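*Asks:* Below: one structure in structure tokens.
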Amino acid sequence: MVSTDSFSPDGRRLVLASDDHRARLWDADSGKPLGESITHRDSVTAAGFCAGGKRVFTASADGSLRFGDAETGKPIDAPIKHPAGLSGAGVGASGNLAGSVIVTMCDDFNARLWRVESGDAIGRPMAHRAAIRSAAFSASGGLIVTASDDQTAQLWDAATGDAVGNALKHPAAVMAAGFSAADEFVWTMAADSVVRVWAVRTQKLLSDSIRHEGLLAADMHGQGKLLATAGKDKTARLWDAASGRAVREPLLHDGAVLDVGFGGPDGSLLVTACEDGRAGVWSTDTGKPVGDPLRHKSSVLEACFDLAGERVLTLSADRAARLWEVKTGRLIGQPMRLGADAADDPQRTDDTLNNATLVRIGGERLVTVGGITGIFTPITSASDQPLGTDERQNLRAIIDQLKREVGEVQSRNLKLSADLSLLRERPAAPDDFASGVQQSLDELQQRMATMRNSTSNFAVRDFKLDASVFVQVSPMGSIEYRFVQPGDQIEPQSLSKLSLQVVPLPKDNLDGVWTPNLFQPELPISALPEVTAESARQLESAGLFSIGEFVQVGTRARAQAYLEALLGVQRVRLALWAQQASLLTLRGMTGVAALLLIDAGLSRLDLLAGLTTDTLMAGYEAARARRTDLQAPPLDSALAELWIRAARQYLGLPEIETTPAPAPAPLPPPPPPPP
């Protein structure tokens, strides 16, 4: 999430959000962190400067808008709470409202306006009937345009929150919208791969012929004469905004173009972000590249110019933001690494093996190896080298570490080795020999299972080198091993030989565990209510077959970037699917029930865990009364109690003790029979 809001007005500092629920300040010249992190309880969905550069703001999926000091990052005032998570926020960049008013986009389908200095709400909520994808201020600061999944865009008065004119209707969800510099035009980008241009004063459609197959991003030139689009067809294109005619040959790339934006000192440059690992700067006058590509280690997800148009800020899938000089293509300072793996993070989890620093690139995932289930954490090297080199160095370090651990166990178990040798030399009978070997191996496994392995959460039971394996990291953030077949053309340096069996370290409690009596993570991915059959097929092609796999893997920042490009959906849609998937892991939950809980503002397990059965039922029934279109059945108390129990177990909270009902009084003895 990078934009011109990321830059301080003087260009000396940046504020960037990361996938570890935090945002922080950075020195633009050196790329080094400044001050304190601004922390939330869920993903940070937007961050920027406001109040003339004196403050920074952050918006989060936890439903809060926070402000911090722009020099130190220290919190200012209490957070502004919303009834649901925030998918984004933006600040007025010019006009009378420059830096003093913020618009937030809430998962309750409302956008809201707030005064920066006081935190007071402005006007009434700006309502849509479905998720809001984007909200942007006009250049004068007097208008706002919102884009929504309800197939409309709407203009609003930024001083009151009142609608201006009629909704701009589309045949598909509206993914983004914005203004020209003079507030003359408003452009909208819809899921039907068409960008439309409208007159602000009349809300009349000027052009609907700007079609780009596989459309992923769009932007309008400051003067409102040019439009740029980018898409899955590996091109960026320039168009005349008023007529909808192409004005240049397509700008060709080697992968899907994920982002595009105008800028430069005189506004005549275009920056593109490509999944081939390069960002490019282009002249809008000639359609030719300006300088060499800005090269990254992995897909470039977003790119934008600074306020002066002299630098380009990029964000890549390796979780690093980079600042570049436009004239020379020179990297300014060091890459700004985002997330819990950042070099300055005191809570960073890493290990050094043979002088190679290994860092985590994702959360823990449940995997099965040889029929044995355990926890695995993807890791990679911290050095800024090409990804393939890092992986090979990393794998060699892992193998060396495992060999050392096995050697240490074997050296402490000489007696066991001697007993095994004796059994091999003089077996009394086949059954006796098999029993002895089994007993010895069981003892060895028990000893190894108590060891702490600094590289993963697996203890090693056996280790030997006897198979050729090709190693690579998938876009979903997991390490993949493929056995080399005869005739395969594989680089020799990419080969390793590895054979091992692993056993999981036991957990001390049920935190984060899906027990069968309370959870159903095995539900197929098609159980998500808003996932189409085609999207389900694409998710399965990425290795996500169940609800549980989507919750554990598909919510990582790197995985989300890959899924955005694969499915052609925005991150706010993926976030909604993640909320639905998390709720659907609860046994007895249905897609319709999950939608009702989200509508009731109960989209997370921590919110369910704090409720009583009566409160949960009341919230569910209130949402059911509002959403008659879902035709949902009523919620019974037993199922509500089960959901609360499951949420508390998953979060490691104690079960709520219930007082048993008093036993009924004994019946009086029957009267004696008559004589």
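The values are calculated or read from the model by the stated rules, or taken from the named source; none is laboratory data. These numbers were taken from a predicted model, which means no experiment stands behind them. Neighbour counts run over all protein chains shown; Cβ positions are idealised from the backbone, glycine included. Accessible surface is based on the protein model in full, side chains and every heavy atom, while ligands, DNA and RNA are left aside. Shrake-Rupley method; radii C 1.70, N 1.55, O 1.52, S 1.80 Å.
*Asks:* Among the residues of the range 171-213, how many are polar (S, T, N, Q), under 12 Å from Thr229 (Cα atoms) and not in a strand (DSSP E or B)?
*Replies:* Going through the range 171-213 one residue at a time, the tally reaches 1.
*Asks:* If I ask for residues that are farther than 15 Å from Lys327 by Cβ and open to solvent by 20 Å² or more (accessible area, probe 1.4 Å), which ones from the range 268-287 would you list?
*Replies:* Glu275, Asp276, Arg278, Asp285, Thr286
*Asks:* Kindly provide the set of residues from the range 139-158 that are at pLDDT 90 or above and not in a strand (DSSP E or B), ordered by number.
*Replies:* Correct list: Asp149, Asp150, Gln151, Ala158.
*Asks:* Can you tell me which residue is nearest to Lys169 (Cα to Cα) among those in the range 202-241 that are hydrophobic (A, V, I, L, M, F, W, C) and open to solvent by 60 Å² or more (accessible area, probe 1.4 Å)? Please lay out each step first, then the result.
*Replies:* Residues of the range 202-241 that are hydrophobic (A, V, I, L, M, F, W, C), as a first pass: 205-206, 210, 215-218, 220, 226-228, 230, 236, 238-239, 241.
Now restrict to residues that are open to solvent by 60 Å² or more (accessible area, probe 1.4 Å): 205-206.
Working: Leu205: 10, Leu206: 14 Å.
In this case the residue turns out to be Leu205.
*Asks:* Another one. Have a look at Asp254, Asp259, Asp240 and point out the one that is closer than 22 Å to Gln560 by Cα and free of Cβ contacts under 8 Å to residues at least 40 places away in the same chain.
*Replies:* On inspection, the qualifying residue turns out to be Asp254.
*Asks:* Filtering the range 512-542 down to residues that are of a type in the set (Ser, Thr, Tyr), farther than 16 Å from Trp643 by Cβ and surrounded by fewer than 17 Cβ atoms within 10 Å (Cβ to Cβ), which residue is modelled with the lowest pLDDT? Step through it out loud before you land on a result.
*Replies:* First, the residues of the range 512-542 that are of a type in the set (Ser, Thr, Tyr): 515, 526, 532, 535, 541.
From the residues that got through so far, the ones that are farther than 16 Å from Trp643 by Cβ too are 526, 532, 535, 541.
Subset that is surrounded by fewer than 17 Cβ atoms within 10 Å (Cβ to Cβ): 532, 541.
Details: Thr532: 87, Ser541: 79.
Per the stated criteria, the residue is Ser541.
*Asks:* With respect to Leu14, is the statement that it is without any contact (Cβ under 8 Å) to a residue 60 or more places away in the chain, assigned to a strand (DSSP E or B) and over 30 Å from Leu607 (Cβ atoms) true? Reasoning before the result, please.
*Replies:* On the way: without any contact (Cβ under 8 Å) to a residue 60 or more places away in the chain: no; assigned to a strand (DSSP E or B): yes; over 30 Å from Leu607 (Cβ atoms): yes.
No: the conditions fail for Leu14.
*Asks:* Also, quick follow-up: Which numbered condition trips up Leu168, out of (1) in contact (Cβ under 8 Å) with a residue 40 or more places away in the chain; (2) assigned to a strand (DSSP E or B)?
*Replies:* Every condition holds for Leu168 apart from (1).
*Asks:* Condition first: farther than 23 Å from Met1 by Cα, part of a strand (DSSP E or B) and either open to solvent by less than 20 Å² (accessible area, probe 1.4 Å) or acidic (Asp, Glu) (or both). Now tell me which residues in the range 242-267 satisfy that.
*Replies:* Leu251
*Asks:* Separate question: Assess whether Asp5 counts as being open to solvent by 40 Å² or more (accessible area, probe 1.4 Å), acidic (Asp, Glu), touching a residue at least 24 places away in the same chain (Cβ under 8 Å) and closer than 19 Å to Leu301 by Cβ. Working first, answer last.
*Replies:* Values: open to solvent by 40 Å² or more (accessible area, probe 1.4 Å): no; acidic (Asp, Glu): yes; touching a residue at least 24 places away in the same chain (Cβ under 8 Å): yes; closer than 19 Å to Leu301 by Cβ: yes.
Against the criterion (open to solvent by 40 Å² or more (accessible area, probe 1.4 Å), acidic (Asp, Glu), touching a residue at least 24 places away in the same chain (Cβ under 8 Å) and closer than 19 Å to Leu301 by Cβ), Asp5 does not qualify.
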